[in-house]
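Trainee: One structure, as structure tokens, below. Some questions next.
FYI, it's all coordinate maths here, none of it is from the lab. Just so we're clear, the structure is a prediction, and the values are computed from it rather than from any experiment. Here the Cβ is made from the backbone with ideal geometry for all residues, glycine too, and neighbour counts use every protein chain on show.
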Amino acid sequence: MQTKGDFFERERECERLFEAAGPFWFFTTEGLDRLLYSSREAFIAGTNILAISAAKSGVTVVSDTQMSNHHHVMARGSLSQAGAFREIFRDKSRRYQLSLGNKSLKDWDIRIDATEDVKVFRNRIAYIDRNAYVARRDSTPTGYPWGSGHLMFNGTLWMMSEGSPWGTLSIDKRRSICRSHDIDLPSSYRVLDGMILRSSFIDYQQTESLFHSANQYFSLLSRHGESDVEIAQMLGEGIQLPNEEVFQIVAQWHRGRSLRELTPVEKALAAKRMKLRLSSSNKQITQVLQLPPEEVERLFPVPR
């Protein structure tokens, strides 16, 4: 059992490790109104672009999630390396999208935010690893295939396929993965089914070291997502939590009472709070609070 003294001692150690390893940078790409990746092959290409951009810029990726129209990445390195990563990643993504006949990403915005302390770091890691979970019903936080969440505190990794070391691939295969004649990548990179494995280029052990324990990580990962919405709003992103999480959050606002017991005035106030703090849609407000759709639309008119 961890005592209060143990907790503060571990926290000081995490703070020391954070300062020694940093600086850390949180990259968020602009959420597009079209798909960047609409197939398994496209997601693999996007993963490879991320790994190649990290190697060419010198940053070390410690966490990421790749969604169908945007990315979240946490990496460590100097400011100049972070800037180089952004430009290389943007350029390679633009070239890939053009090769598919898609619209240019020339002006694609990629935001870089400094990560000030270990507490902010942990919250952002949880946000990254929860991103797919809150957007997709077919994934768990650690079961999404296009992010690093499955690496965290996963004692079964040693039983999984290790892929092929980069240097053992044919020149043609390496050129195909890099989409370039420049195929100089770290020997530690491994490839499985044409994809550079996240386990070979993401320093998830660094990320693990900045949490007290697996328990702390999973507590943040499984928390109610109100803080995730706050981060998304800061980034200018749209995010909507699943109905189940929203119901639990709203229930906490009215502890000891069933939502069915709320008065019409209390439900109206809860609806406004849901819209402001949780970015809930009219449909979600209707479903969670059991309000008539016309009443919710009267509170939040939908443009016609």
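Trainee: Sum -39500 (n - 2.57) across every DSSP H segment of at least 4 residues in the chain, then divide by the residue count to get the 222 nm mean residue ellipticity, nearest 500. Walk me through the numbers on the way to the answer.
Mentor: On the way: 13 runs with 152 residues, N = 304.
Rounded to the nearest 500, the figure is -15500 deg cm²/dmol.
Trainee: Moving on to the next point. Excluding same-chain residues fewer than 8 positions from LYS103, which lysines have a Cα within less than 23 Å of its Cα?
Mentor: Excluding near neighbours in sequence, the set is LYS92.
Trainee: Which aspartates and glutamates, if any, have their Cα less than 17 Å from the Cα of LYS106, not counting same-chain residues under 8 positions apart?
Mentor: GLU30, ASP33, GLU87, ASP91
Trainee: Between SER80 and ASP6, 0.36 nm times their residue separation minus their Cα-Cα distance comes to what?
Mentor: 22.9 nm
Trainee: If you don't mind, there's one more thing I want to ask. For segment 1-126, what D do you get in µm² per second when you plug the Kirkwood radius from alpha-carbon pairs into Stokes-Einstein at 10 °C and 1.306 mPa s?
Mentor: On the way: Rh = 15.8 Å.
Answer, rounded: 101 µm²/s.
Trainee: Sticking with this structure for a sec: In whole Hz, with x marking every Gly and Pro, tabulate ³J(HN,Hα) for segment 152-164 from phi via Karplus 6.51 cos²θ - 1.76 cosθ + 1.60, θ = phi - 60°.
Mentor: 5, 6, 9, x, 9, 4, 5, 8, 8, 4, 8, x, 9
Trainee: Report, largest value first, the span of the C-alpha coordinates of segment 126-170 along each principal axis, in whole Å.
Mentor: Principal-axis extents of segment 126-170 (Cα, largest first): 39, 24, 18 Å.
Trainee: Using the number of other C-beta atoms within 10 angstrom as an exposure proxy, rank MET160, MET74, MET195 with the fewest first.
Mentor: MET160, MET195, MET74
Trainee: Mind putting together the pair-distance distribution for segment 4-225? All Cα pairs, 10 Å bins, whole percent per bin, short to long.
Mentor: 8, 33, 37, 18, 3, 0
Trainee: Cα-Cα over 25 Å: which of LYS119/LYS275; LYS119/LYS283; LYS56/LYS173? Each step should come with its number before you reach the end.
Mentor: Values: LYS119/LYS275 27 Å; LYS119/LYS283 34 Å; LYS56/LYS173 19 Å.
Pairs exceeding the cut-off: LYS119/LYS275; LYS119/LYS283.
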